[in-house]
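Written below as structure tokens is the structure these notes are about.
The values are calculated or read from the model by the stated rules, or taken from the named source; none is laboratory data. Keep in mind it's a predicted model, so treat the numbers as computed, not measured. We place every Cβ from the backbone using ideal geometry, glycine too, and count neighbours over all the protein chains shown.
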Amino acid sequence: MSGKAWGGVFDQPTDARVEKFTESISFDHRLAAVDIRGSQAHARMLSSVGLISAEECSQIVETLEKIGAEIERGQMEWTTELEDIHMHIESSLIARIGDVGRKLHTARSRNDQVATDLKLYLRDAIKVLDGLLHELQKAFVDRCRTDADVVLPGFTHLQRAQPVMAGHYWLAYCEKFQRDRERLADCLKRVNILPLGAAALAGTSLRIDRWESARLLGFDDVAANSLDVSSDRDFLAEAIFCMSLIAVHLSGWAEEWILWCTTEFGFLKLPDTYTTGSSIMPQKRNPDVLELIRGKSARVIGDVQQILVLLKGLPLAYNRDLQEDKLAFFDAFDTVRACLEIAPGIASRAMLQVETINARLEEGFLDATTLMEYLINKGVPMRTAHEVVGKLVRSCESKKCRLVDLPLPELQQACNQIQADVSEFLGVENVVCRLSSFGCGGRLAVAERVTVWRERLSL
Ligand code: ARG
């Protein structure tokens with residue numbers, strides 16, 4: 001029965017079309033290195049409990065090492081006849097060391113094997129993503145050095161709202177990416193529970209030591225229900241969700257900077273190295289990289305849907321549907337990784353167009369809320385203060401002037417609590433000097449936060 005591991009019960013070979021349809025080697029070959037790591041640990045565990053001898057164990061471990069090196073050099077040929085990476089590695093082992101190799105799969109099923117492989121792979125993937133997020137945070141915090149004194153108009157509904165220090169803006173993204181890192185770290189807790197030893201679904205009658213496997217592979221604990229863990233992919237769904245949220249964060253940022261690069265905004269200029277031209281319009285500098293970061297988030301969001309729909313309605317325990325989990329996972333990981341690799345370059349090189357920003361900074365009544373707060377401090381009820389300032393803004397609009405341009409008598413006519421000191425509350429600079437609540441975008445508070453972030457990222 002060719003090289004099939006289940007040949008015993010069959011008397012007819014698999015239809016070639018079925019082989020092609022059911023294979024996963026075309027995409028799960030990426031698990032080769034972790035599959036070998038897992039198998040080596042499994043062999044060591046088998047030897048520690050006496051299910052194989054120490055000699056057999058070293059033969060298996062060493063041969064697996066060689067197979068791994070060959071795969072890494074691209075010397076292993078993949079064939080759909082061997083279905084997946086697990087079968088490829090095991091049959092290569094058996095081809096080399098015969099009966100000893102035939103012992104490796106003792107007390108193991110591909111079900112607990114592939115779940116373990118995925119967790120090992122994901123553990124590394126999380127480390128990679130965490131490192132990249134850290135780099136991106138550093139790029140943002142570093143902006144605080146050069147652009148420390150710049151004041152930006154803050155927006156809600158994309159309408160001018162209140163001013164904030166530029167540092168507040170850079171750090172806002174650091175916070176988002178910090179949550180992304182914490183989410184991944186939390187996900188890791190559930191990744192670090194060992195499936196190996198669950199075997200197909202029911203565990204095994206052989207006397208294995210799952211804690212030894214966990215120790216060897218660096219898992220924190222051993223899964224306590226074989227039926228559950230042999231088919232559990234919650235950890236993968238969680239991880240893909242974490243990645244999709246990273247993609248969503250990147251997408252919002254990209255969209256913002258695409259807007260900021262327009263002539264209409266003019267807040268940012270991208271370096272030539274991060275823009276592309278047009279084949280017909282000679283003047284164009286297009287933010288394609290940012291557009292693709294925005295666009296690629298669609299794929300990752302799609303991957304979350306894919307894994308959830310894949311898992312929906314699956315009866316316990318393993319079902320072959322699960323083989324498709326890797327497609328969603330690898331796509332999400334590759335996509336988010338690529339975006340995170342390119343993002344710091346843009347984050348640190350995009351040039352803030354301070355002159356353009358400053359030229360219109362006093363437009364849009366960014367000081368209106370602070371004027372309202374001035375009135376509140378004078379004892380005016382908030383709703384009344386809101387109305388007074390609203391009316392003053394309307395008067396400015398008809399006169400085409402700023403709040404600071406209104407003569408004191410007119411201000412006092414609107415509200416007799418207003419005194420000459422009101423001038424210290426108007427204008428963008430006064431506002432950023434007065435914003436003082438914890439976590440606000442004011443000058444002093446932001447300077448403190450920049451220090452906190454520098455220390456946190458050891459910059
Ligand atoms: N290639 C399979 C997968 O990725 C491995 C597990 C196969 N298990 C089975 N019972 N057929 O899910």
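Some points to look at:
- Subset of the range 96-115 [assigned to a loop (DSSP other than H, G, I, E, B), closer than 13 Å to L46 by Cβ and of a type outside the set (V, I, T)]: L104, H105, A107, R108
- Residue in the range 78-85 that is within 14 Å of the ligand (Cβ to nearest atom), of a type in the set (F, W, Y) and within 20 Å of K4 (Cβ to Cβ) present: yes
- Selection status of R383, of a type in the set (K, R), part of a helix (DSSP H, G or I), more than 43 Å from the chain's Cα centre (by Cα) and more than 24 Å from L268 (Cβ to Cβ): no
- Odd one out for P344, checked against (1) under 26 Å from the mean Cα position of the chain (by Cα); (2) under 22 Å from V164 (Cα atoms): (2)
- Of all residues making up the range 291-332, the number that are within 16 Å of the ligand (Cβ to nearest atom) and of a type outside the set (S, T, Y): 21
- Given (1) surrounded by 14 or more Cβ atoms within 10 Å (Cβ to Cβ); (2) assigned to a loop (DSSP other than H, G, I, E, B); (3) charged (D, E, K, R), index of the condition E264 fails: (1)
- Among the residues making up the range 311-360, those that are out of contact with any Phe, Trp or Tyr (no Cβ under 7 Å at 6 or more places or on another chain) and of a type in the set (D, E, K, R) are K312, R320, D321, E324, D325, D331, D334, R337, E341, E355, R360.
- Residues being aliphatic (A, V, I, L, M) and not in a helix (DSSP H, G or I) - total across the range 51-65: 2
- Residue ID - surrounded by the most Cβ atoms within 10 Å (Cβ to Cβ), chosen from residues in the range 100-118 that are within 16 Å of the ligand (Cβ to nearest atom) and of a type in the set (S, T, Y): T116
- Scanning the range 201-247 for residues that are touching a residue at least 60 places away in the same chain (Cβ under 8 Å), part of a loop (DSSP other than H, G, I, E, B), surrounded by fewer than 17 Cβ atoms within 10 Å (Cβ to Cβ) and among the aliphatic types (A, V, I, L, M) yields a count of 1.
- Checking I97 against (1) touching a residue at least 24 places away in the same chain (Cβ under 8 Å); (2) more than 16 Å from the ligand (Cβ to nearest atom); (3) within 30 Å of D15 (Cβ to Cβ), the condition it does not meet: (3)
- Residue match in the range 30-50 (condition: part of a loop (DSSP other than H, G, I, E, B), more than 16 Å from the ligand (Cβ to nearest atom) and at pLDDT 95 or above): yes
- In the set (1) within 16 Å of the ligand (Cβ to nearest atom); (2) under 24 Å from the mean Cα position of the chain (by Cα); (3) in a helix (DSSP H, G or I); (4) charged (D, E, K, R), E256 fails one condition alone, (1).
- Within the range 278-319, considering residues that are part of a loop (DSSP other than H, G, I, E, B) and within 14 Å of I258 (Cβ to Cβ), the one farthest from the chain's Cα centre (by Cα): K284
- Restricting the range 266-298 to residues that are touching a helix residue (DSSP H, G or I) at 6+ places or on another chain (Cβ under 6 Å) and without any contact (Cβ under 8 Å) to a residue 40 or more places away in the chain, the residue that is farthest from A328 (Cα to Cα): T276
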